[in-house]
Number of protein chains: 4
Amino acid sequence: MRNPLITIILCLGLLPTNAQTHSHAGAQPLTYPNIAGYVTLKTDLHQHSVFSDGHVWPTIRVQEALRENLDAISLTEHLEYQPHKEDIPHPDRNRAYHLAVEEAVEHDLLIVPGSEITRSAPIGHSNAVFITDANELVHEDAKDAFATAKKQGAFVFWNHPAWFEQSPSGNPILSDFQQQLIKSGQMQGIEVINSVDYAEESLALALANNLTIMGTSDIHGLIDWDYTEKGNHRPITLVFAKEKSLPSLKEALFAGRTVAVYNDLLVGKAEFLKPLLQASIHVLKASYLPNTQVLQIELKNSTSSDLMFENAMDYTFYDISPVFVIPAGESKIVHIKTLEILGSFDLKLKALGAYTEPKVHPIIEWNVKIDRP
Amino acid sequence: MRNPLITIILCLGLLPTNAQTHSHAGAQPLTYPNIAGYVTLKTDLHQHSVFSDGHVWPTIRVQEALRENLDAISLTEHLEYQPHKEDIPHPDRNRAYHLAVEEAVEHDLLIVPGSEITRSAPIGHSNAVFITDANELVHEDAKDAFATAKKQGAFVFWNHPAWFEQSPSGNPILSDFQQQLIKSGQMQGIEVINSVDYAEESLALALANNLTIMGTSDIHGLIDWDYTEKGNHRPITLVFAKEKSLPSLKEALFAGRTVAVYNDLLVGKAEFLKPLLQASIHVLKASYLPNTQVLQIELKNSTSSDLMFENAMDYTFYDISPVFVIPAGESKIVHIKTLEILGSFDLKLKALGAYTEPKVHPIIEWNVKIDRP
Amino acid sequence: MRNPLITIILCLGLLPTNAQTHSHAGAQPLTYPNIAGYVTLKTDLHQHSVFSDGHVWPTIRVQEALRENLDAISLTEHLEYQPHKEDIPHPDRNRAYHLAVEEAVEHDLLIVPGSEITRSAPIGHSNAVFITDANELVHEDAKDAFATAKKQGAFVFWNHPAWFEQSPSGNPILSDFQQQLIKSGQMQGIEVINSVDYAEESLALALANNLTIMGTSDIHGLIDWDYTEKGNHRPITLVFAKEKSLPSLKEALFAGRTVAVYNDLLVGKAEFLKPLLQASIHVLKASYLPNTQVLQIELKNSTSSDLMFENAMDYTFYDISPVFVIPAGESKIVHIKTLEILGSFDLKLKALGAYTEPKVHPIIEWNVKIDRP
Amino acid sequence: MRNPLITIILCLGLLPTNAQTHSHAGAQPLTYPNIAGYVTLKTDLHQHSVFSDGHVWPTIRVQEALRENLDAISLTEHLEYQPHKEDIPHPDRNRAYHLAVEEAVEHDLLIVPGSEITRSAPIGHSNAVFITDANELVHEDAKDAFATAKKQGAFVFWNHPAWFEQSPSGNPILSDFQQQLIKSGQMQGIEVINSVDYAEESLALALANNLTIMGTSDIHGLIDWDYTEKGNHRPITLVFAKEKSLPSLKEALFAGRTVAVYNDLLVGKAEFLKPLLQASIHVLKASYLPNTQVLQIELKNSTSSDLMFENAMDYTFYDISPVFVIPAGESKIVHIKTLEILGSFDLKLKALGAYTEPKVHPIIEWNVKIDRP
């Protein structure tokens, strides 16, 4: 008798709604181009549901990810912090993962099993993803938790290293414990962007210790309320994987092939950030204005980030400022004074929204063939 | 050791976010005026959380209500349909209510205890609100559930009477069982608007059986996704109470003092809908254009509904169409040809978005004093 | 030596502008469907340039019309009111027309020669369009002006009959002079909509005297400033012509085949307004919801007006209010309770934004074939 | 008899329009702060009307300026290029100026008399503003035109030096003729921004020759169509004058106290651009996050330009990217890691949208007092 009822109730609200004229768009699909040899996976590997201290059922996390066109997510419930435990006693710490898998079953969204190992400083918070059983990570001694994660083959990254609650100066302090984790191959990544926060020092730590650069939303409430409504996209990690699959994603994370993205800020190692930016701009047209040596080129930004550039050539521009923005998904026409009629040239732009090191913007080059009149 | 951790974690994400320039507004505060003798309470008394078949923790329902400036909500979890029971075994069926009360404790939002008695036709779905203990309503025999609700002093209303899953013609069919409920004082209300659906026949039933007219969201997912994003407000019931308190709200529901509202549609008994509309429009200015008998008046709509009117006077308009809209919260200037210079006059408009009976629009009157030059 | 300079100067500003992200759209192209046997021409036959009391060169009027996708315009300069005469002595009163023709030469926009015969009441203002020489219309005695217009084969219409400056009550008064004009075939049309003003009494006069119903912008400044910025389209006259040509337009005006449109207000004789509305709505899909007698139909509004309807059938709706709007260019899904499974049915809607007589809305019918499951 | 008619006609269209809900905003008022010792005047000293090759009556230029809240404009009609001469024979070349003065009479808008001396290269186009009689500037020999301008006390600036029609490479070439003009005190300014075009080389010429830096719209059509609709503001010259008056404006132009602005691009000599930017940002609040050394400051941009900055301090940010934008008129919260608790500090930001020399961004400093807890 319960079964028909279930069917009935699930049908409620399935009628197409008659929207009023002026709708308020929610989160939009994110898009970033592939780079040579790799597919670019949009991931958010640090999220919470009611199975730790989040406010939604895991299904909502899947729906949010589908709206933003993510490729992979992880519900990394705190192992040690379970404020809803009274209502959700869950003997199985993998439960949020399983519910997400179930919700995503008909969609092309990868669900990564994960957990957050949650301690005060100097141990701090860390995510272990690609674990095989969250239950086994529950230990009194943090060392045992990390050791188990390693045994399970997990990829582990340090969460919000600059968080002022654990480091009142706002500077990340790599503790002896964490150094040991890194040395022993028990920690391979670091969040350089966590929720709305970017720390240059975390980037420096990533580079100095060869850690994988991560960006995550650390969402507890609703993506729409914390990000979309304020005009932001959630932070994500772009992962350059050999294919869209869980093993490939894992391999790429261990290999450090990532760029962290939050809106217009892109942070990554030069070897991945530069080809990403190179692939992000397409030169649609290049030709001289009649009877001039003024070259007109149209640049198309194929990403969901507004990309900010500064002219890095000796050639000057005819019209716009040397510092300019190509809005997400849009094109911009730039006029360049090449002084003589060229058949091709190297467009060089400094990406002001991108960092390969603290305070270092990459310069990107495009070889442009010029149309003959 | 757990306590400091809790504090720490709750602080995450409290930094003011740097919004990008062009934000996407979420749900907006709703506003409707009081009427003579009563405060107008904005209520949504039919909602679900993870404690039955909803997708969010009760805290989200409270936050959603605060965003829309509601005065009262009820989490009416299905008593008999508990798809998350495996994860949330909850021995106490009042749990969602208690969690909502806790979340609302520092806010001026009334939380009404309630449950949904959920059966197939001919019994159908009904909400019992202002119950004292949901656990006692769990019965094999529906009759016992309604009897207990009555014993607890509950206000009971029939949910989505026109729902095609229970009535394939889309027409509400008042079963013998339900007639008996009404006759025996075990059902006092009826949803005339449920989620996106309005049924004239339900209005007719309300009037014929002197049932309280209700409008509810019946939300399971997110208000933003189901309503706001599509340019809609959630359906609500305006309740005209002696004061903003739970006892007053209950008294008003039993007394039938309500108007159901969904966007620009307002449905209620004439004795409440007419004064509501009367109070909804303020005549800001009224004066003659110099050297003419053309009267200029400015009408301000103080509600969150676009109000659609048709001229119901013998006087004609100078400029706009006899059918016109005053958008929510905005003013409109209307010019009326009074043929002679008057000191005051009765503005009469038919409210095309309002129904006091099936197919019947109320005509609203305002006595307007005209400024002397 | 002057010639090269001209070329040079005209090239200034021709570079594509780099727009910032968030542009403020100007006037949008207007669209209304053809009706059986006729093409629907969008016209604005009452406009001014610097050649009488307007503020722009005739070229701007052509550009404005092209932006709104009009089919025909007329620059109806006041013959007797020439405030710029000191600067523009123009011996030829056809000059604005010629300049507009020149500007429109490469576009599919018809330029109608016209003039405004401008007198105080009881003669009032009238437009004569399809004249052959404006110079000949300049006469001390208005009678001579109208007689000449007739001799030239002009179509003549009464401008803003309800204008309070000429009729302080705001009611149009058909003077003896004007009655004589009509009787003698020297006046064939009347503005029912002029700029932002609609007068029911003018519609009554049109019907009583078999005058062609006109709607015009009477623009003196900028269309964007007077209309677009305020969220309005300019008023236009839809003319149902045998083809898009000046002779066909003229023939249709004399035959009275018009509908005046201002935003969502459509005013016309039933024989033209009803087929226009009929053609304005397309039934995209009609099928029953599975296992119900609830018919789902999708209605597409192919016009630039938001169309407001009221259910005029015995069948009731499943979801939306009986009064509803289909926004310009958008679709709306409506669910109808047909009580039994039908193979086809007559959809009947009253058009609340349309008038065929004062206070009379046409009821429009569409025969809908229903898809079999 | 003509007079009453005039009154009547001017009243047409004065009724308040009933705007539809969703208006499309036109040009918005521009605002930039004063700097120490000077009021900042927003000027556009290069515009055209129908009195040379523009498309509007001078009244429209005044109305456009009032909408954008400009302080001063000049209608610089081409002296030698008069395409509407057939229709507007105007014996007086000051006519556009006089009509603008008349339109502006009740407004606080300065009208500067001016003319454009229009020749092919190597003489090029130049504006002479603050002339006393345009008629006297009409000469066969350009030398005589400039000599007369000087005799009249005019401020003269070189228009669009980089214009590819006169310099196909897009690089400004300072001809012998022009060098002579500068040397002899007959040319004092140079357009660094003309319509949508900015040329670094023009800035270099300005600095090398101590010319006043100018930015102008060079508008021929409508400001809304060429700029506003595309999301742009018109280019203007900010002039730092002792007071808002024509003599002060003239004095400031000769003294070179200007910044040219086009949207987010600001170009000027360091001695004026730096104080302008300094005054453009207000530090609204500065206090430490509790129990941290993370300083929270709120920065308010009081200008109509989105201002783009890069952190130029040793201190790093807690949250946002070192490169960030404070949108026009908005505030942004920035968190700075000062490592210890300070009582005050020097905020230093590089202004990426501003240039004091080609490729040189000014660094702006603000001394910030920090609130004690």
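Things worth noting here:
- The residues neighbouring C:LEU30, those whose beta-carbon lies less than 11 Å from its own, together hold a net charge of 0 under the Lys/Arg +1, Asp/Glu -1 convention.
- When peptides D:274-283, A:66-75 are sorted by average Cβ neighbour count within 10 Å, with the highest value leading, the order is A:66-75, D:274-283.
- Here each label is just a point 7 Å from Cα along the line to Cβ, and for D:GLU140 and B:SER120 those points are 10.6 nm apart.
- Three-way shape label, the stretch B:219-309, alpha-carbon gyration tensor, a/c 1.5: oblate
- Here the stretch A:98-177 was treated as a single set of alpha-carbon atoms; its pair distances binned every 10 Å from 0 give 18, 40, 28, 12, 1 percent.
- Span from the the stretch D:83-135 Cα centroid across to the the stretch C:51-118 one, whole angstrom: 25
- The mean count of C-beta atoms from other chains within 10 Å of the C-beta of residues in D:192-198, rounded to a whole number, is 5.
- Across peptide D:311-321, the average count of Cβ atoms from other chains found within 10 Å of a residue's Cβ is 6.
- Inter-probe distance in nm under a simple model that places probes 7 Å from Cα toward Cβ, at B:ASN34 and D:LYS369: 4.4
- For the segment B:351-361, counting C-beta atoms of other chains within 10 Å of every residue's C-beta and taking the mean gives 2.
- Charged side chains reduced to their Cβ positions (Lys and Arg at +1, Asp and Glu at -1) give the stretch D:281-369 a dipole of some 100 debye around its Cα centre.
- R0 of 56 Å, Cβ-Cβ distance D:GLU106-B:LYS151: FRET efficiency to nearest 0.05: 0.15
- Bridge orientation summary for chain D: considering DSSP beta bridges with both residues in this region, about 75 percent are antiparallel.
- Rounded D (µm²/s) - the stretch B:39-154, Kirkwood Rh over Cα pairs, Stokes-Einstein at 20 °C, 1.002 mPa s: 150
- Average Cα contact separation per residue, chain A, under 8 Å, 6 or more apart, as relative contact order %: 13
- Ellipticity estimate at 222 nm from DSSP helix runs (n ≥ 4, -39,500 (n - 2.57)) divided over the protein assembly as shown, nearest 500: -6000 deg cm²/dmol
- Gyration tensor verdict on the stretch D:281-369 (Cα atoms; rounded if a/c is under 1.5, prolate if a/b is larger than b/c, oblate otherwise): prolate
- Positive contributions from Lys and Arg (+1) and negative ones from Asp and Glu (-1), summed over other residues with Cβ under 10 Å from the Cβ of C:VAL267, come out at -1.
- The percentage of C-alpha pairs in the stretch B:25-263 whose separation is greater than 25 Å is 35%.
- Using the Cβ-Cβ distance between C:LYS183 and C:VAL360 with R0 set to 30 Å, the FRET efficiency from 1/(1 + (r/R0)^6) comes to roughly 0.65.
- The B:ASP346 and C:GLU271 beta-carbon pair, evaluated with R₀ = 51 Å, returns a calculated FRET efficiency of approximately 0.85.
- Here, the protein assembly as shown is characterised by an Rg to Rh ratio of 0.99, where Rg is the alpha-carbon radius of gyration and Rh the Kirkwood radius.
- Note on B:GLU298 and D:ASN69: the model spin-label points, each 7 Å out from Cα along the C-beta direction, lie 2.2 nm apart.
- The charge dipole of the protein assembly as shown, taken about the Cα centre with unit charges on the Cβ atoms of Lys, Arg (+1) and Asp, Glu (-1), comes to about 0 debye, rounded to the nearest 20.
Each reported figure results from applying straightforward, stated rules to the coordinates on display, with no laboratory input. All figures in this text were calculated on a predicted structure; none of them were measured in a lab. Please note: Cβ atoms are built from the backbone with ideal geometry, for glycine as well, and neighbour counts cover all protein chains shown.
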